[in-house]
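Student: First the structure, then my questions, so here it is.
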Amino acid sequence: MNGPAAEAARNPEEAPLVEAMLHLLDREQGKQVTLGHFVASMGQRGFGFCLIVFGILAAISPPGVGSVMGFPPLLFAAQMVWGFKQPWVPHFLARRQFSADTVKRTLERARPWLRRIEVFAKPRATWLARGLIERIAGVVTMILCCVILLPGPLTNNPPGIAIMLLGFALAERDGVLMMLGLIAAVIAFFIGLSAFIAVAIAIWAWAEGYF
C-alpha cells in the first residue's frame, strides 16, 4: 500500500478526504454502519464531511425535494457558530444505517468529479479555515440553508454547491478555497434569492388575474 491510500491508513485526519472516507469504508466492508459512527470517525473533519454530503444532496436534488436538504446543514452550521469541535448528530439521524459497500461504490463513481475539487484543495493559509473564519463560514452556511428552504428553481442548486465548497475548505484546512467558497456563497445567495423573488412575482401576477 502506498500513495494516498497508505496515508489514509496511517493518518486519516491528514489524508485527502475522499481517500480517508474510502479507507474507513474498507474497514467496514460487508457491514451496516450508522451515520453517527461514520461522522464520529471523521474526527475534526466531521463538519467538512457533513457540509460536503448535504451540500451535494441539495445541489443535485430537484426543487421541492432539495428544500428538505436545507435542514441538516443548518443544524451543523449552527454547531459551528456555537463553537462545537465535532458535529453532534441527533439520535434519529445517528442511528440510521447504510451499507458500507453501497456507499463505497457510490463514492467511487463520484470520485473523478470529486477529485477535481480535491486536487485543488490542500492545506494552505490554514488560519483562514479556522477560528473566527470557521464561525463566519457557519453563519454564511446558515444563510444559504435559509435560501435552500425557499421554494422555487435555483434556490437549492447554487447554495448547495457553495456549501460543498465550504465543506471541502474546512475538511482540507484550505484557506484559499475558503475565500473562494465565501465568494461563491455570496453569488449563490443572490441567485437563489432572485429566483425566489421572480417566482413570487410571477405567482402574484397570475393570482391578480383571478381577483
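The values are calculated or read from the model by the stated rules, or taken from the named source; none is laboratory data. Every value quoted in this text rests on a predicted model; they were computed, and no experiment measured them. All Cβ positions, glycine included, derive from the backbone under ideal geometry; neighbour counts span all protein chains shown.
Student: Taking the options 165, 128, 154, name whichever one is among the hydrophobic types (A, V, I, L, M, F, W, C), at pLDDT 80 or above and not in a helix (DSSP H, G or I).
Tutor: After applying the criteria, what remains is 154.
Student: Checking the conditions here, which among 150, 128, 144, 154 is of a type in the set (A, V, I, L, M, F, W, C), in contact with a Pro (Cβ under 9 Å, 6 or more places away or on another chain) and more than 17 Å from residue 78 (Cα to Cα)?
Tutor: Exactly one of 150, 128, 144, 154 is of a type in the set (A, V, I, L, M, F, W, C), in contact with a Pro (Cβ under 9 Å, 6 or more places away or on another chain) and more than 17 Å from residue 78 (Cα to Cα), namely 154.
Student: Does residue 123 qualify as being surrounded by fewer than 24 Cβ atoms within 10 Å (Cβ to Cβ) and either over 30 Å from residue 29 (Cβ atoms) or among the small types (Gly, Ala, Ser) (or both)?
Tutor: Considered against the rule, which asks whether it is surrounded by fewer than 24 Cβ atoms within 10 Å (Cβ to Cβ) and either over 30 Å from residue 29 (Cβ atoms) or among the small types (Gly, Ala, Ser) (or both), residue 123 comes out as no.
Student: Additional query: Output the qualifying pairs, or none if there are none: Cβ atoms under 8 angstrom, residues six or more apart or on different chains, first residue in the range 30-44 and polar (S, T, N, Q), second residue in a helix (DSSP H, G or I).
Tutor: Every condition considered, the pairs that remain are 32/100; 34/94; 41/24.
Student: If you don't mind, there's one more thing I want to ask. For the range 170-187, indicate whether the set of residues that are at pLDDT below 85 and at negative phi is non-empty.
Tutor: Within the range 170-187, none of the residues are at pLDDT below 85 and at negative phi.
Student: Just checking, does the range 15-33 include any residue being touching a Leu at 6+ places or on another chain (Cβ under 6 Å), hydrophobic (A, V, I, L, M, F, W, C), at pLDDT 80 or above and closer than 21 Å to residue 90 by Cβ?
Tutor: Looking through the range 15-33, none of the residues is touching a Leu at 6+ places or on another chain (Cβ under 6 Å), hydrophobic (A, V, I, L, M, F, W, C), at pLDDT 80 or above and closer than 21 Å to residue 90 by Cβ.
Listed here are the residues, each with its yes/no results for (1) in a helix (DSSP H, G or I); (2) within 10 Å of the chain's Cα centre (by Cα); (3) loosely packed, with under 14 Cβ neighbours inside 10 Å.
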{"site": "54", "(1), (2), (3)": "yes, yes, no"}
{"site": "57", "(1), (2), (3)": "yes, yes, no"}
{"site": "63", "(1), (2), (3)": "no, no, no"}
{"site": "74", "(1), (2), (3)": "yes, no, no"}
{"site": "85", "(1), (2), (3)": "no, no, yes"}
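Student: So, residue 133, is that one exposed (fewer than 15 other Cβ atoms within 10 Å of the Cβ), more than 18 Å from residue 63 (Cβ to Cβ) and either at pLDDT 90 or above or not polar (S, T, N, Q) (or both) or not?
Tutor: So residue 133 fails the test.
Student: While we're looking at this one, here's another question. Show the residue pairs meeting these rules: Cβ distance below 6 Å; 6+ apart or different chains; first residue within the range 61-74 and under 15 Å from residue 141 (Cα atoms) and without any contact (Cβ under 8 Å) to a residue 24 or more places away in the chain; second residue crowded, with 16+ Cβ neighbours inside 10 Å and among the hydrophobic types (A, V, I, L, M, F, W, C).
Tutor: Every condition considered, the pairs that remain are 72/54.
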